[in-house]
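Encoded as structure tokens, the structure appears first; notes follow it.
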Amino acid sequence: MLATVGWILIVLLFAVGMAGTVYPILPGAVAIFFAFLVYGWFFSFDPFGVWFWITQILIVVVLFVADYVVSAWGVKKFGGSKLSTTLSTIGVIIGPFVIPAFGLVLGPFLGAFIGELIGGSSPSKATKVGFGSVVGLFTSTVMKIILQIVMIVLFIIWVVRFA
């Protein structure tokens with residue numbers, strides 16, 4: 001019974017982690033990392049050596065740094081300002097809640113667009129920067145999905161191989 005509860009928690013944490021790639025308010029990589037701890041608490045930490053933890057921590061750090069950098073890159077690449085980058089980031093966080101079906105895309109677009117208009121840019125430049133924020137968001141999302149899948153696959157390999 002306890003093993004079943006442990007695996008249910010692990011799978012739920014993996015699901016929350018993957019959902020965090022689409023809903024930035026969810027903990028994403030942190031939930032996946034916490035699943036490893038749940039495995040250790042319910043079963044054993046024995047399969048996880050120092051290289052497992054170093055690899056997983058590095059992936060989490062890369063995810064956190066790259067998430068901001070790649071999103072900001074999209075805005076900057078298309079000529080956006082700091083204000084556009086900031087408002088785009090805010091749009092990523094609140095967009096899915098304000099406009100549930102389309103907020104993930106419209107939030108950063110509108111944030112960057114409004115940021116550029118406030119900064120005195122023309123509507124055409126603001127539109128271009130808004131598009132850049134969406135490009136950065138999608139690039140960041142694809143990267144997060146890939147790296148988080150790598151985290152889960154490494155976990156499975158370590159558990160199967162070393163358990």
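Numbers below:
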| item | result |
| --- | --- |
| Percentage relative contact order, the stretch 1-101, counting C-alpha pairs under 8 Å, at least six apart | 22 percent |
| At most 13 other Cβ within 10 Å, DSSP loop - chymotrypsin sites (Phe, Trp or Tyr not before Pro), the stretch 53-90 | none |
| Added length on full extension, which subtracts the Cα-Cα distance from 0.36 nm per residue, residue 124 to residue 51 | 21.3 nm |
| Chain lengthening between residue 30 and residue 64 when straightened (0.36 nm per residue, less Cα-Cα) | 11.3 nm |
| Backbone HN-Hα couplings from phi across the stretch 16-30 [Karplus 6.51/-1.76/1.60, Hz, Gly and Pro as x] | 4, x, 5, 5, x, 6, 9, 10, x, 6, 7, x, x, 4, 5 |
| Whole-number accessible area per residue in Å² for the stretch 34-127, which is evaluated in the context of all protein chains at 1.4 Å | 54 Å² |
| Distance between modelled label sites at residue 43 and residue 7, nm, 7 Å Cα→Cβ extension | 0.9 nm |
| Separation in nanometres of the label points that stand 7 Å from Cα toward Cβ, at residue 146 and residue 98 | 3.1 nm |
| Accessible surface of the chain [probe 1.4 Å, protein heavy atoms]: carbon and sulfur percent | 80 percent |
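The values are calculated or read from the model by the stated rules, or taken from the named source; none is laboratory data. As the structure is a prediction and not an experimental result, all values here were calculated from the model. Glycine also receives a Cβ, built like all others from the backbone with ideal geometry; neighbour counts cover every protein chain displayed. For the accessible areas, the whole protein counts, side chains as well, though only heavy atoms, and no ligand, DNA or RNA atoms are used. Shrake-Rupley method; radii C 1.70, N 1.55, O 1.52, S 1.80 Å.
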